[in-house]
Amino acid sequence: MKFFLDSAHVHEIAHALEMWDIDGVTTNPRHVEVTGKPFLTVIQEIGRLVQGTDKTISTEINPYHERWQDMVAEGEKLAALCPNFVIKVPSTEAGFKACQMLRAEGIRVNVTVCFSAMQALQAMRMGATYVSPFIGWKEANGEPSVSFIEEIVEIRNNYLFETEVLVAAVRNGRQVVDAALAGADIVTAGFAVYQEGFDHPYTHVGLAKFQDFWDKTPYGDEEATR
Ligand code: E4P
């Protein structure tokens, strides 16, 4: 299973690449806004971090675009900036068409803000590289998320679509595990989700106990560093 980091902070991405071997990055206008830098500056900084690798950066286009032609034009412009960029288009009629047109040019596409299996199916039919069901938002709205992921994965498998299921808006380690159990290919989550998810208080309790015993036991090698 692939782990993507959902962030536009270069220091977070650099840490996640070095320490966690993340497989890619997703950004959105919210993440870019908090950096305080212009959009193109931020995405190109991120692009430079992964250039020469097979790791992808999913980057948003202007969310005001309503015509597929405008989505395609911006997608082409952004894709030309960095070979690692995957263009995010929305789960709308125009977004699906833009996906089809960009894919015909060999540009990779992440169909995002997906909230139904029907939307995911159309994204797959249009050749999406990734489809991004937003499970955190579903759960916040009182809707089931595990069955939602399972349906999308089952549809993908039934028809052998090449689209990877990228579970997004993930809020905690439990949801990462749920996505893995449901057969998702990728999760994208914020820095804190991974940092907290890779830790457990009992690990530290256990280590403290072992340190105690360690201190009471001779190592048996005078030269050894203790
Ligand atoms: C994924 O690609 C999105 O950037 C992200 O998960 C959106 O959700 P959030 O901003 O609510 O976390």
* **Calculated FRET value between R125 and V177, using beta carbons and R₀ = 30 Å, to 0.05** => 0.50
* Compactness of segment 163-208 - radius of gyration and Dmax, Cα, Å -> 12.7, 46
* Considering the Cα trace of the chain, what is its radius of gyration and what is Dmax, both in angstroms? -> 20.6, 75
* Hz values of 3J(HN,Hα) by residue in segment 122-136 - Karplus curve (6.51, -1.76, 1.60), Gly and Pro given as x -> 5, 4, 5, 4, 8, x, 3, 6, 10, 10, 10, x, 8, 6, x
* Asked: What is the spread of the Cα atoms of segment 92-150 along each of their three principal axes, largest first, in whole Å?
  -> 39, 19, 15
* To do: Would you please give the FRET efficiency between S147 and E196, computed as 1/(1 + (r/R0)^6) with r the Cβ-Cβ distance and R0 = 25 Å, to the nearest 0.05?
  => 0.45
* Is it possible to state the helix-based mean residue ellipticity at 222 nm for the chain, with each DSSP H run of 4+ residues giving -39500 (n - 2.57), the sum divided by total residues, to the nearest 500 deg cm²/dmol? What is it? -> -15000 deg cm²/dmol
* Residue-wise, which Karplus ³J(HN,Hα) couplings in Hz belong to segment 31-43, taking 6.51 cos²θ - 1.76 cosθ + 1.60, θ = phi - 60°, and x for glycine or proline? -> 5, 5, 4, 6, 6, x, 10, x, 3, 5, 4, 5, 5
* Structure fact -> Amide H neighbours of Y130 at under 5 Å, excluding residues fewer than 5 places away on the same chain, with H built from the backbone geometry, are V109, N110, V111, E164
* Structure fact -> By the Cα gyration tensor axes a ≥ b ≥ c (a/c under 1.5 gives rounded; else a/b larger than b/c gives prolate, otherwise oblate), the shape of segment 111-226 is prolate
* To do: With a probe of 1.4 Å, find how much accessible area the chain has per residue, and write the answer as a whole number in Å².
  => 54
* To do: Could you state how much accessible area M19 has, in square angstrom rounded to the nearest 10, with a 1.4 Å probe and all protein chains kept in place?
  => 120
* Any chance you could check the Cα centroid distance between segment 97-153 and segment 1-52 for me, in angstrom? => 21
* To do: Would you mind calculating the gained length between R67 and N157 on full extension (0.36 nm times residue separation, minus the Cα-Cα distance), in nm to one decimal?
  => 29.3 nm
* **For the chain, size of Cβ-based charge dipole, Lys and Arg +1, Asp and Glu -1, in debye** => 580
* Note, ³J(HN,Hα) from phi for segment 191-207, Karplus 6.51, -1.76, 1.60, rounded to Hz, x at Gly and Pro -> 3, 5, 4, 6, 4, 6, x, 7, 10, 7, x, 5, 4, 6, 4, x, 5
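How much net charge surrounds L81 when only other residues with a Cβ under 14 Å from its Cβ are counted (Lys, Arg +1; Asp, Glu -1)?
Here the count lands on -1.
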* To do: Over the chain, calculate the relative contact order: mean separation of alpha carbon pairs under 8 Å at least 6 apart, over the residue count, as a percent.
  => 16
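Only loop residues by DSSP count here, and only those with at most 15 other Cβ atoms within 10 Å; note down the trypsin sites (Lys or Arg not before Pro) in segment 28-115 that meet that.
Within segment 28-115, the qualifying trypsin sites (Lys or Arg not before Pro) (loop, at most 15 other Cβ atoms within 10 Å) are R67.
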* To do: Take the Cα atoms of segment 131-171, find their three principal axes, and give me the spread along each one in whole Å, biggest first.
  => 31, 15, 10
* Quick one: with all protein chains in place, what share of the accessible area of segment 18-170 is carbon or sulfur, to the nearest percent (1.4 Å probe)? -> 51
* Amide proton proximity set for T26, modelled H, under 5 Å, gap of 5+ -> L5, D6, S7, S58
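The values are calculated or read from the model by the stated rules, or taken from the named source; none is laboratory data. Keep in mind it's a predicted model, so treat the numbers as computed, not measured. Methodologically, a virtual Cβ is constructed for each residue, glycine included, from the backbone with ideal geometry; neighbour enumeration extends over all protein chains shown. The area values use the complete protein model at the heavy-atom level, side chains included, leaving out ligands, DNA and RNA. Shrake-Rupley method; radii C 1.70, N 1.55, O 1.52, S 1.80 Å.
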